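To keep things clear, I will list the structure first and then write my remarks on it.
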Amino acid sequence: MNLADVPKEKLSPMMQQYAATKEKYSDCILFFRLGDFYEMFFEDAILVSRELELTLTGKECGLDERAPMCGVPYHSVDLYLKKLVDRGYKIAICEQMTDPALSKGLVERDVIRIVTPGTLIESSMLDDNANNYICSLYYGTDGSCALCFADLSTGEMSLAVPQGTTDLTVRIMDMLSRYTPAELVLNAQALSLKSVMDFVKVRLQCAVTLRDDACFSLDTGRELICQQFGVDSLELLGIEEDGAGACAVCGMLDYIRETQKRNIARFISIDVVDSAETMGLDLNARRNLELTETIRGKERKGSMLWLLDDARTAMGKRLLKTWMEQPLVQPLKIMARLDAVEAFYKKSVSLMEVRALLDNVYDLERLMTRGLFQKASRKPHRVT
């Protein structure tokens with residue numbers, strides 16, 4: 001039984017509320033809060049019961065047949081969300097906005113967040129040792145292109161405008177290989193980059209979300225970018241006023257605002273990537289070098305990162321992984337990094353003191369994000 005085929009006027013008031021909400025978020029699985037459970041109905045229930053191996057039941061909905069239904073407990077929802085997100089699904093969380101005990105008639109409900117592979121912030125769904133990037137890819141009809149990368153869990157955002165003499169699609173794929181995003185947001189024109197789309201589908205295997213061109217528009221987006229980063233013009237951020245880079249950032253901010261249903265104060269700066277500062281490595285080179293995972297088992301153990309990583313905090317582990325995936329090529333910056341290593345190498349006592357202090361440092365980057373989104377626990381997770 002599909003909800004689209006059901007006469008809505010025959011549904012019970014609560015199921016009409018469900019149907020109206022589902023219509024707005026037709027591309028998502030709708031987690032509909034009923035008391036201590038998130039319930040799914042009709043085709044969503046059938047899908048989730050199959051994916052999570054849950055018992056499929058039914059609910060009286062005003063029709064002759066009972067509506068297919070399954071549910072998950074509110075207090076352990078993260079476990080189920082993780083499984084669905086790992087399989088590429090998007091989930092709309094519909095919460096009770098009024099107290100059922102005090103409500104007269106139907107409880108008010110609304111979607112408070114859309115959970116996607118690239119917008120996770122919960123520690124139980126993330127790898128402490130790696131960033132969880134989402135990428136906004138904008139490709140213009142004039143051949144201009146830009147990629148904006150963001151990690152909502154840490155508040156990092158960067159902008160890359162592919163440059164060089166090599167083929168554009170190769171440069172785009174090299175940049176995607178560098179960040180390996182969990183989700184790709186793009187405009188319709190970007191679908192014409194066939195080799196990039198094949199690369200994303202076959203090699204990266206990340207979730208892909210197509211957005212309307214209006215989401216990348218600078219008509220209102222330019223002002224939103226300036227407000228987000230507290231500047232008067234995009235040039236102060238190192239972004240061209242009417243360039244593809246600005247459009248990519250617009251697409252990123254618009255998507256995050258839509259999925260999080262709130263202002264995204266976590267992002268306070270943006271790093272404009274200079275491709276000349278780091279070594280260009282395609283995905284094959286990264287895998288053959290086994291920088292962060294082995295070729296055969298795709299495991300961290302046995303990789304170069306596994307050998308070198310003795311960081312004491314999750315923030316340090318992610319930073320080291322970033323440095324290894326984006327090797328410097330400018331001698332001055334390489335020497336500065338080596339000087340820092342030498343300073344601690346020559347002062348072993350200071351090194352041990354600093355390491356002891358870092359043992360008591362939580363993952364502040366992600367803890368700050370969870371605090372802003374009111375998701376922080378009383379006992380923050382710490383790297384062991």
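The values are calculated or read from the model by the stated rules, or taken from the named source; none is laboratory data. If you're wondering where the values come from, they're calculated on a predicted model, not measured in any experiment. Note: ideal-geometry Cβ built from the backbone for every residue, glycine included; neighbour counts use all protein chains shown.
Here is how the numbers come out for the structure above:
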item: Filter result for E60 (farther than 30 Å from D127 by Cα and free of Cβ contacts under 8 Å to residues at least 40 places away in the same chain); result: no
item: Among (1) free of Cβ contacts under 8 Å to residues at least 24 places away in the same chain; (2) of a type in the set (V, I, T); (3) not in a loop (DSSP other than H, G, I, E, B) - the single one T322 does not satisfy; result: (1)
item: So K90, is it among the basic types (K, R) and surrounded by 15 or more Cβ atoms within 10 Å (Cβ to Cβ); result: yes
item: Test: residue in the range 346-364 that is within 19 Å of the chain's Cα centre (by Cα) and closer than 29 Å to M175 by Cα; result: yes
item: Pair list, Cβ under 8 Å, 6 or more apart: the range 271-285 residue within 10 Å of S177 (Cα to Cα), other residue polar (S, T, N, Q); result: L281/S177; D282/S177; L283/S177
item: Some residue of the range 32-49 being among the charged types (D, E, K, R), crowded, with 17+ Cβ neighbours inside 10 Å and within 18 Å of P117 (Cα to Cα); result: no
item: Complete set of residues in the range 1-17 that are without any contact (Cβ under 8 Å) to a residue 40 or more places away in the chain and crowded, with 16+ Cβ neighbours inside 10 Å; result: Q16
item: Residues (among the acidic types (D, E) and more than 15 Å from L84 (Cα to Cα)) located in the range 109-129; result: D110, D127, D128
item: Some residue of the range 352-368 being within 24 Å of I268 (Cβ to Cβ), of a type in the set (S, T, N, Q) and at pLDDT below 95; result: no
item: Filter result for M335 (touching a residue at least 24 places away in the same chain (Cβ under 8 Å), assigned to a helix (DSSP H, G or I), out of contact with any helix residue (DSSP H, G or I) (no Cβ under 7 Å at 6 or more places or on another chain) and surrounded by fewer than 16 Cβ atoms within 10 Å (Cβ to Cβ)); result: no
item: Single residue of the range 65-94 satisfying the filter (in contact with a helix residue (DSSP H, G or I) (Cβ under 7 Å, 6 or more places away or on another chain) and assigned to a strand (DSSP E or B)) that is modelled with the lowest pLDDT; result: A67
item: Sole residue being touching a residue at least 24 places away in the same chain (Cβ under 8 Å), within 27 Å of the chain's Cα centre (by Cα), within 28 Å of I225 (Cβ to Cβ) and surrounded by 14 or more Cβ atoms within 10 Å (Cβ to Cβ), chosen from T369, T313; result: T369
item: Residue within the range 95-110 that is at pLDDT 95 or above and not charged (D, E, K, R) present; result: no
item: Which numbered condition S348 misses (of (1) touching a residue at least 12 places away in the same chain (Cβ under 8 Å); (2) out of contact with any Ser or Thr (no Cβ under 6 Å at 6 or more places or on another chain); (3) farther than 30 Å from L372 by Cα; (4) of a type in the set (S, T, Y)); result: (1)
item: T294 being within 29 Å of Y362 (Cβ to Cβ), outside the structural domain of L176 (by TED's automatic domain parsing) and among the β-branched types (V, I, T); result: no
